[in-house]
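Colleague: Attaching a single structure in structure tokens format; questions to follow.
The values are calculated or read from the model by the stated rules, or taken from the named source; none is laboratory data. What you are looking at is a predicted structure, and each value in this text was computed from that prediction instead of being measured. Here the Cβ positions follow ideal geometry from the backbone for every residue, glycine too, while neighbour counts run over all protein chains shown. Ligands, DNA and RNA are stripped out before the accessible areas are found, and what is left, the full protein with its side chains, is counted by its heavy atoms. Shrake-Rupley method; radii C 1.70, N 1.55, O 1.52, S 1.80 Å.
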Amino acid sequence: MTFDRMESAAYLSTLLAKGFSKSLASRANALGFLPGQFPVLVELWNEDGLTQRELLDRLDIEQATLANTLARMERDNLIVRRPHPRDRRATCIYLTERARAIEEPALAAARDADQELFKGFRRFEKELMLEYIRWAIDNARKL
């Protein structure tokens, strides 16, 4: 029995994620961030001053991955860490002025990358595809 990768949802979703990341990468590089940093930036643009634990809960990624991402973002002057006002063990993560300044162009870059992925789709096809993706992700979380 042979395995056809093009019939595998796992393989196809990996290709889709790579395509989005590649499309976003060229735009992101010009703005000074990496595609992997984008979800962290979005969460902090929505609510600045989150702890690493809060980011982990919201982003559903591995602790080590987030720790490395935050270290690079700090090095690149996108975030700063400050002691938590009530919990001595925790730190809060805040955006720098540099990160705040790229919010609008970064969000526009992500919208443009999305549009490229859905080029040729009719509106209802895009909405249906997004619904199917969310449904599959929900199923995957239950595994």
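Colleague: Checking the structure you have, find out if any residue of region 57-71 is open to solvent by less than 60 Å² (accessible area, probe 1.4 Å) and free of Cβ contacts under 8 Å to residues at least 12 places away in the same chain.
Modeller: Within region 57-71, one or more residues are open to solvent by less than 60 Å² (accessible area, probe 1.4 Å) and free of Cβ contacts under 8 Å to residues at least 12 places away in the same chain.
Colleague: Hey, another quick one. Go through Asn68, Asn29, Asn77 for me and flag whichever is modelled with pLDDT under 95 and either more than 25 Å from Asp138 (Cβ to Cβ) or of a type outside the set (S, T, N, Q) (or both).
Modeller: Just a single option satisfies the conditions, and that option is Asn29.
Colleague: Considering only residues that are within 27 Å of Lys18 (Cα to Cα) and either at pLDDT below 95 or open to solvent by 30 Å² or more (accessible area, probe 1.4 Å) (or both), which ones fall in region 39-51?
Modeller: Pro39, Val42, Glu43, Trp45, Asn46
Colleague: Scan region 112-131 residue by residue and report those that are exposed (fewer than 11 other Cβ atoms within 10 Å of the Cβ), within 19 Å of Ala17 (Cβ to Cβ) and not acidic (Asp, Glu).
Modeller: The one that is exposed (fewer than 11 other Cβ atoms within 10 Å of the Cβ), within 19 Å of Ala17 (Cβ to Cβ) and not acidic (Asp, Glu): Lys119.
Colleague: Return only the number of the condition from (1) open to solvent by 60 Å² or more (accessible area, probe 1.4 Å); (2) in contact with a helix residue (DSSP H, G or I) (Cβ under 6 Å, 6 or more places away or on another chain) that Arg75 does not satisfy.
Modeller: (2)
Colleague: Look at region 78-100 and say how many of its residues are open to solvent by 20 Å² or more (accessible area, probe 1.4 Å) and within 18 Å of the chain's Cα centre (by Cα).
Modeller: Looking only at that region, the number is 2.
Colleague: Continuing with this model, one more query. Can you work out which of the residues in region 12-67 that are more than 15 Å from Asp112 (Cα to Cα) and of a type in the set (Ser, Thr, Tyr) is nearest to the chain's Cα centre (by Cα)?
Modeller: The qualifying residue nearest to the chain's Cα centre (by Cα) is Thr65.
Colleague: Right, something else. Of the numbered conditions (1) in contact with a Ser or Thr (Cβ under 7 Å, 6 or more places away or on another chain); (2) of a type in the set (A, V, I, L, M); (3) more than 21 Å from Leu12 (Cα to Cα), Ala106 fails exactly one; give the number of that condition.
Modeller: Here Ala106 clears every test but (1).
Colleague: Please work out which residue is farthest from Ile133 (Cα to Cα), limiting yourself to region 15-38 and to residues that are exposed (fewer than 15 other Cβ atoms within 10 Å of the Cβ) and of a type in the set (Gly, Ala, Ser).
Modeller: Among those that are exposed (fewer than 15 other Cβ atoms within 10 Å of the Cβ) and of a type in the set (Gly, Ala, Ser), it is Ala30.
Colleague: Write out, first by first residue and then by second, each pair whose Cβ atoms fall under 9 Å of each other, whose residues are 6+ apart or on separate chains, and whose first residue, in region 72-84, is touching a residue at least 24 places away in the same chain (Cβ under 8 Å) and within 18 Å of Arg100 (Cβ to Cβ) while the second is basic (Lys, Arg) and open to solvent by 40 Å² or more (accessible area, probe 1.4 Å).
Modeller: Asp76/Arg98; Leu78/Arg72; Leu78/Arg98
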